[in-house]
Amino acid sequence: MTIGGSQADAPVVAIDGPSGSGKGTISQLLAARLGWHYLDSGALYRLTALAAARHGVALDDAAGLARLAAALDVRFEIDGDGERTLLDGAPVGSELRSETTGDGASRVAALPEVRAALLGRQRAFRDTPGLVADGRDMGTVVFPSAEIKIFLTASPEARVERRYKQLKEKGIDANLAGLSEELAERDRRDSERDAAPLRPASDAVVVDSTALDIAACLDRCLEIVRQRLS
Ligand code: C5P
């Protein structure tokens, strides 16, 4: 199944937050529980950074990167083998999730031209019966009219530990001290940039997941969704 369609009035749960807050895991579980579509907007910035490396476009060439982002040949597929991301028709492996790619993503994401080029593509994921959208600016810029907005956060220590575990599970090499610095730098860049900085929407519910395990965090988010939809 290829994900994506378009229904501008379908309900949206926007989940934003910093790296390692658990957004990705919680958003995917929430989408599965609700039977809704899922948008991993960070993947689009990561894929733009990967495409730039492949095509030799410099990470500060705003016009070149925007052209690349607008023309990205990307597909998100789900089949019996799980989820697959294809760039230029070929599956992207573990490099999609590496911190090097995350760092490149955060650099290209600071450019308003790149953000503008990816906007329509993200909005096209809104489709019936609903969409769970995960990112940094889902509730503030991409889906400002989302019915439900959650800002998921956690202490810096908890976020670094989670990211470390995640990378290890995916077979990606990481060291705790280096990762801690990389995440801090990425969060600083994402929060301080002028274009769509990371911050909770004024109508977002903030959930601190530091002391919550995945099941408890999912329950809390489901409770928020049910309250808002009832
Ligand atoms: O969530 P993920 O770690 O995959 O995101 C990678 C980077 O993409 C983030 O650090 C951020 O700079 C950028 N991003 C963004 N806006 C989004 C999603 C991701 O700027 N909606």
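The values are calculated or read from the model by the stated rules, or taken from the named source; none is laboratory data. Values in this document were obtained by computation on a predicted structure and should not be read as measured data. All Cβ positions, glycine included, derive from the backbone under ideal geometry; neighbour counts span all protein chains shown. Note: accessible area is taken over every heavy atom of the protein model, side chains too, but ligands, DNA and RNA are not part of it. Shrake-Rupley method; radii C 1.70, N 1.55, O 1.52, S 1.80 Å.
Each residue of the stretch 7-229 gets 121 Å³ once the volume of the Cα convex hull is shared out per residue. In terms of accessible area, using a 1.4 Å probe and ignoring ligands and nucleic acids, Tyr164, Tyr45 rank largest first as Tyr164, Tyr45.
Here the calculated FRET efficiency for Ser94 and Leu229, from their Cβ-Cβ distance with R0 = 22 Å, stands at 0.05, rounded to the nearest 0.05. As a length-normalised measure over Cα pairs under 8 Å and 6 or more apart, the relative contact order of the stretch 42-128 settles at 37 percent. Using Cα springs under 10 Å in a Gaussian network model of the chain, which residue among Arg136, Arg123, Arg188 shows the largest mean-square fluctuation? Maximum fluctuation in the GNM of the chain, among the listed residues, is at Arg188. For a test of the definition: using alpha carbon positions, the gyration tensor, and the 1.5 limit on a/c, classify the stretch 58-178 as rounded, prolate or oblate. Rounded.
On a full-extension model of 0.36 nm per residue, what is the gain between Gln166 and Glu83, subtracting their alpha-carbon distance, rounded to one decimal in nm? Show your work: numbers first, answer last.
On the way: separation 83, 0.36 × 83 = 29.88 nm, distance 1.63 nm.
Length gained between Gln166 and Glu83: 28.3 nm.
Across the stretch 93-105, rounded Karplus estimates of 3J(HN,Hα) from the backbone phi angles (6.51 cos²θ - 1.76 cosθ + 1.60, θ = phi - 60°) give x, 5, 4, 4, 9, 5, 5, 4, 5, x, 5, x, 4 Hz, Gly and Pro being marked x. Ranking Glu223, Glu83 from most to least accessible surface, computed with a 1.4 Å probe over the protein chains only, gives Glu83, Glu223.
State, as an integer percentage, the relative contact order of the chain based on alpha-carbon contacts under 8 Å between residues 6 or more apart.
Working: 391 pairs, mean separation 78.4, N = 230.
Result for the chain is 34 percent.
Put the Cα centre of the stretch 129-207 next to the Cα centre of the stretch 91-124 and the gap is 13 Å.
So, with +1 on the Cβ of K and R and -1 on the Cβ of D and E, and no other charges, what is the size of the charge dipole of the stretch 137-230 about its Cα centre, to the nearest 20 debye?
Values: 15 positive and 18 negative charges, 38 e Å.
Here the stretch 137-230 has a charge dipole of around 180 debye.
Ordered from highest to lowest accessible area with the whole protein assembly present and a 1.4 Å probe, Asp203, Asp134 read as Asp203, Asp134. For the pair His55 and Val206 in one chain, pulling the backbone fully straight at 0.36 nm per residue adds 50.4 nm over the alpha carbon distance.
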